[in-house]
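Visitor: I have a structure here, written as structure tokens, and I will follow up with some questions on it.
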Amino acid sequence: MTAHQTCKTFIAGLAFASLAFAAGPVLAQGAAKVGAPAPAFQAIDADGKTRNLAEFAGKTVILEWTNHDCPYVRKHYNSATMQGLQKDMAKEGVVWLSVISSPIGEQGHVEGPMAKELTAKRDAAPAAVLLDPDSKVARAYGATTTPHMYIVDPKGTLAYMGAIDDKPSSSAASLTGAKSYVRQAVAELKAGKPVSEASTKSYGCAVKYAPVS
Amino acid sequence: MTTQLMALMSRHGFLRQAALVLALLAPGLAPAAESAAVTTPRVSATLLSSRDTVTPGERFQVALVQKISKGWHTYWQNPGDSGEATRIEWALPAGLSAGEIQWPAPKALPVEPLVNFGFEGTLLLPVEIAVPADAKPGQTITLKANATWLVCEKICIPEEGSFTLDLPVAQAAVVDESAQARIDQARAILPQPADFKGRLSAEGESLLLALPGIAADIRDLRFFPLSDTLIDHAAPQPMTADSNGVTLQLARSSAFKLTNAELSGVLTYKDGGVPRSLALTAEAAPALVTAAGQAASAPRPAVVRLPMPVEGADLTLWAALAFAFLGGLILNLMPCVLPVLFIKALGFAQLARASRSEVREQGLLFLAGVVSTFMVLAGIVIGFAALGSGVGWGFQLQSPPLVIALAVVMTLIGFNLLGAFEVGTSVQGVGHGLASRGGRVGAFMTGALAVVVATPCTAPFMGAAMGYAVTQPPALGLAVFMALALGFALPVVALSFAPGLLRLLPKPGRWMVVLKQAFAFPMFATAIWLIWVASVQSGPGGVLAALVAVLAAGFIVWLSGVSRDSGRARLIGSALGVVAAFGAGWFVLQSAVPSATSEARAADTQVWTPERVMALQAEGRPVFVNFTAAWCITCLANERVALSRQEVKEAFAELKVAYLKADWTNRNSAIAQALAEQGRAGVPLYLFYPGKRDGQAEILPQLLTPDSLITAARRAAGLDLKTVANRP
């Protein structure tokens, strides 16, 4: 018995070593995938309340990665384009969550009061501002830029990820005639149609990530 | 100094004339043909001309120069994960034209965990200017350029600058030697056109870029695509080399889109330590182009979950835990696991009269083996799911070399059970040996092995539970897998803790030897099945590789037996064994590569695509989709007992059911995505779509019967609406 167990020990060990080997090349890519369930998350909002994706089940949810000092974000806020989009979406019953992922000590990091002040000062209209200083939400979604937009449909499936519009530029002039991927996707979802451009390349400043602890 | 002087001169025509004279008189002080600098704390930019004067009809080079402060960078054409390329807009006098920016090869600039493509230090972006043939000597042409660039460190600042260069037209060009030298130097390091074409193909989730003209001994090879929707910029690009050249493995961009069969990019590498770059064009496999065009906007057929809803909100944690536990328990009865459990039970029977505490210890060690193996596999499955990659339960069986390794393991166990060889101490030492470390490790490893061989099976209840596990936060997911592990280990642990049950086992004797030998045959059967899986995955090469691996394993075992007695023989034996192991391993890895396509194996089925489902529905035909894999025993069992039955075939024909097969034997991202959409981590999955446009699919249970299939077919054909309404 011992004899064949020792043998099994050896070969099972071999099988294991090869398993571990096969699992080696883990992709460095973000997790979120259009058509798959949107990654669940939990984060503190600007009021200090814990929020999670599950509480919005049955509603369309938009995630907006933002950094108030990023020129690309400023383009959309200084022109009131972003606020207009937020208000229109609120009218449609869409939940808008702005996410700030800069960790403490990094550019763009804000605490709750500052986040609220920014919202008020810019007349922005998100349902909540989520603070993600450990970059957990950003990692779960693979957010790369500010802005970076994600739309979760009422069934919890990720329906859109990518750029806010089709003009990857920080210049205010680029807003004229830009096609809003977000408006398009939300309209198509509402009409029960498939999202025609469900995954686009986002543009903007790099999301500042907290080191993996 | 000269810059400012020149700027001053540009603004004042008369001064310029004077300066020209001055320059001709004092060549040592020749002013560079360089515009006034636009300077910020981050970038000092100028427009540099290789000419002080130009001649009619000639082409010459200018360059936008960026001196970038330390720590900051500007961007290449494809900026990578964030950023924006430098742009130049020209305002040129009529007749003059400017070419495109001639981009040097970028550097990958990591901003953990992202990667940008750009430049640090001093950057020259050369542009060719064509002077019209009818330009008149004596005239002055004014080049005006408005450049915008984004400069980033941790923060990003968009900057812009306007540059003006006044260049007199003369009969003979006056070359600014130092400017010409700087621009020549910049052009010398531009990527050279590659003298070969790359080929881009798909391999599951990744892309393979074959580079036939690249030598295998180069280092730091990296591909920078011009398109920003091709690859995951931050992913490593592992390189493999063979006699045909070098292949880079690239991770697909999450926004993957390829609209043109020809794509371009830049290759950078070090050749003997010298950095080089090549401008590459590559031909993409046609499937990649069309698939990509559709993938971005592919309409997907609607699905409704009837029997067992698995969306996170629908299945509670407790239900998932209960399903998992039950599923684990049932998994024990699956044909792949049974032989391993036989062995364990046999061990207990031998031990029954030895010591109750030893049996108990063995049971607990088996439990530990099961649980830790489940946790490792769950970690991998959940980890990959979190990364959006298409793996699921049984994923390791998608790797032909691992399937072959398992086949070898099964064969060796079989021969061991037959008594063809012994390893380690002799069999007489069993009683004492069991308390030894080998016995403990053995019990643990039996648990591990049981789990590994169980992965091809999905028992009833398991699919939904695992689907739940991979869509929940990792802690909940691991809890579900833990429940699965506990359910799986329960029978053996219960046996080890129940003296009553153990006493029921007959005394060890000759029957045990016979039974032990008999158990060799399920092992061989499993090995045969695994080799068949390898043949489906890799074709004849897979079978050859598997049999060579079995041969090598047998040879090594035999060697270790005959060389046991003398030190020298052992040395030679070990050396030969190592050679055989490496040789066979190498051969397996070479031969057992997944076939490019995995086609539906039955003649009367079609290959699944979401578009095909919609098209068939639009024709009014009910559609049955069978998500299966050659390594999935439950799938094969269903095919034998239900799908291939004559009455089912007749019902399908009568109701005009279209039968589509989604074969997940090899990795396939579309299938993985479809499974994920149904909240499933693996196969089998059976969907029945009604024969009307956009009709929602019904999910069938994981164990099929001819009756349940025919009833579902009738429902899908709209013949049995009452049953549908009554379903939970």
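The values are calculated or read from the model by the stated rules, or taken from the named source; none is laboratory data. Quick caveat: nothing in here was measured; it's all calculated off a predicted structure. Every residue, glycine among them, receives a Cβ derived from its backbone with ideal geometry; neighbour counts consider all protein chains shown. Just so you know, the surface numbers come from the protein's heavy atoms only, side chains and all, with ligands and any DNA or RNA stripped out. Shrake-Rupley method; radii C 1.70, N 1.55, O 1.52, S 1.80 Å.
Visitor: So which of A:S202, A:S196, A:S174 ends up being closer than 23 Å to B:G83 by Cα, of a type in the set (G, A, S) and not in a helix (DSSP H, G or I)?
Guide: Values: A:S196 fails: closer than 23 Å to B:G83 by Cα; A:S174 fails: not in a helix (DSSP H, G or I).
Within the list A:S202, A:S196, A:S174, the selection yields A:S202.
Visitor: If B:H233 meets every condition in (1) modelled with pLDDT of 85 or more; (2) away from chain A (no Cβ under 13 Å) apart from one, which number is that one?
Guide: Against the list (1) modelled with pLDDT of 85 or more; (2) away from chain A (no Cβ under 13 Å), B:H233 comes up short only on (2).
Visitor: Could you list, in sequence order, the residues of the range B:525-552 that are among the hydroxyl-bearing types (S, T, Y) and over 28 Å from the mean Cα position of the chain (by Cα)?
Guide: Applying the first criterion (among the hydroxyl-bearing types (S, T, Y)) to the range B:525-552 yields B:526, B:535, B:538.
Result: B:T526, single match.
Visitor: A further question on this structure: Return yes when B:V174 is away from chain A (no Cβ under 13 Å), surrounded by 15 or more Cβ atoms within 10 Å (Cβ to Cβ), in contact with a helix residue (DSSP H, G or I) (Cβ under 9 Å, 6 or more places away or on another chain) and not charged (D, E, K, R) and no when it is not.
Guide: Yes; evaluated as a whole, the condition is true for this residue.
Visitor: So, of the residues in the range B:363-382 that are open to solvent by 10 Å² or more (accessible area, probe 1.4 Å) and more than 10 Å from chain A (Cβ to nearest Cβ), which turns out to be farthest from B:S496 (Cα to Cα)?
Guide: Going through the qualifying residues, I end up with B:I382.
Visitor: Filter the range A:53-86 down to the residues that are closer than 20 Å to A:E111 by Cα, open to solvent by less than 10 Å² (accessible area, probe 1.4 Å) and part of a helix (DSSP H, G or I) and list them by number.
Guide: Passing the criteria: only A:V73.
Visitor: Looking at B:P79, B:P110, which is the one that is exposed (fewer than 15 other Cβ atoms within 10 Å of the Cβ), within 14 Å of chain A (Cβ to nearest Cβ), under 39 Å from the mean Cα position of the chain (by Cα) and within 24 Å of B:L226 (Cα to Cα)?
Guide: From the options B:P79, B:P110, the qualifying one is B:P110.
Visitor: Here is a further query. In the range A:99-124, which residue that is in contact with a Ser or Thr (Cβ under 8 Å, 6 or more places away or on another chain) and in a loop (DSSP other than H, G, I, E, B) is farthest from the other protein chains (Cβ to nearest Cβ)?
Guide: Filtering the range A:99-124 for residues that are in contact with a Ser or Thr (Cβ under 8 Å, 6 or more places away or on another chain) and in a loop (DSSP other than H, G, I, E, B), the one farthest from the other protein chains (Cβ to nearest Cβ) comes out as A:A124.
Visitor: Separate question: Would you call B:L190 at pLDDT 90 or above, part of a loop (DSSP other than H, G, I, E, B), surrounded by 15 or more Cβ atoms within 10 Å (Cβ to Cβ) and of a type in the set (A, V, I, L, M, F, W, C)?
Guide: So B:L190 passes the test.
Visitor: Looking at the range A:129-147, which of the residues that are closer than 22 Å to B:A235 by Cα and open to solvent by 10 Å² or more (accessible area, probe 1.4 Å) is farthest from the other protein chains (Cβ to nearest Cβ)? Spell out the reasoning first.
Guide: Initial filter on the range A:129-147 (closer than 22 Å to B:A235 by Cα): A:134-147.
Next, only the ones that are open to solvent by 10 Å² or more (accessible area, probe 1.4 Å) stay: A:134, A:136, A:139-140, A:142, A:144.
Numbers: A:D134: 13, A:K136: 10, A:R139: 8, A:A140: 7, A:G142: 6, A:T144: 4 Å.
Within the range A:129-147, the match that is farthest from the other protein chains (Cβ to nearest Cβ) is A:D134.
Visitor: Tell me which of these B:L258 doesn't satisfy, since it passes every other one: (1) aliphatic (A, V, I, L, M); (2) in contact with a helix residue (DSSP H, G or I) (Cβ under 7 Å, 6 or more places away or on another chain); (3) part of a strand (DSSP E or B).
Guide: Evaluating B:L258 over (1) aliphatic (A, V, I, L, M); (2) in contact with a helix residue (DSSP H, G or I) (Cβ under 7 Å, 6 or more places away or on another chain); (3) part of a strand (DSSP E or B) leaves (3) as the failure.
Visitor: Tell me, which residue of the range A:32-52 that is more than 13 Å from chain B (Cβ to nearest Cβ) and of a type in the set (A, V, I, L, M, F, W, C) is surrounded by the most Cβ atoms within 10 Å (Cβ to Cβ)?
Guide: Going through the qualifying residues, I end up with A:A46.
Visitor: Just for the range A:148-182: of the residues that are facing another protein chain (nearest Cβ under 9 Å) and open to solvent by 20 Å² or more (accessible area, probe 1.4 Å), which one is farthest from the chain's Cα centre (by Cα)?
Guide: Looking at the filtered set, the residue picked out is A:S171.
Visitor: Here's another thing I want to ask about it. From the residues in the range B:113-159 that are part of a strand (DSSP E or B) and polar (S, T, N, Q), which one is surrounded by the most Cβ atoms within 10 Å (Cβ to Cβ)? Don't jump to the end; show me each part of the working.
Guide: To start, the set of residues in the range B:113-159 that are part of a strand (DSSP E or B) comprises B:114-119, B:122-130, B:140-152, B:156-159.
Adding the requirement that they be polar (S, T, N, Q) leaves B:116, B:122, B:140, B:142, B:146, B:148.
Working: B:N116: 25, B:T122: 12, B:T140: 15, B:T142: 13, B:N146: 13, B:T148: 17.
If we take residues in the range B:113-159 being part of a strand (DSSP E or B) and polar (S, T, N, Q), then B:N116 is surrounded by the most Cβ atoms within 10 Å (Cβ to Cβ).
Visitor: Contact list please: Cβ distance under 9 Å, first residue in the range B:213-231 and outside any loop (DSSP other than H, G, I, E, B), second residue of a type in the set (D, E, K, R), pairs at least six apart or on different chains.
Guide: Qualifying pairs under 9 Å: B:R219/B:K270; B:R219/B:D271; B:D220/B:K270; B:L221/B:K270; B:I231/B:R252.
Visitor: Working carefully through the options B:L288, B:L306, B:L250, find the one that is modelled with pLDDT of 85 or more and open to solvent by less than 60 Å² (accessible area, probe 1.4 Å).
Guide: B:L250
Visitor: Also, I was wondering about something else. Where residues in the range B:177-187 are small (G, A, S) and surrounded by fewer than 20 Cβ atoms within 10 Å (Cβ to Cβ), which of them is farthest from B:F224 (Cα to Cα)?
Guide: Filtering first and then ranking leaves B:S178.
Visitor: Looking at the range B:118-133, can you tell me whether even one residue there is closer than 30 Å to A:A210 by Cα, within 14 Å of another protein chain (Cβ to nearest Cβ) and free of Cβ contacts under 8 Å to residues at least 60 places away in the same chain?
Guide: There is at least one residue in the range B:118-133 that is closer than 30 Å to A:A210 by Cα, within 14 Å of another protein chain (Cβ to nearest Cβ) and free of Cβ contacts under 8 Å to residues at least 60 places away in the same chain.
Visitor: Something else about it: Being open to solvent by 50 Å² or more (accessible area, probe 1.4 Å) and either more than 7 Å from every other protein chain (Cβ to nearest Cβ) or under 24 Å from B:N78 (Cβ atoms) (or both) is the filter here, so list the residues in the range A:188-204 that pass it.
Guide: A:K190, A:A191, A:G192, A:K193
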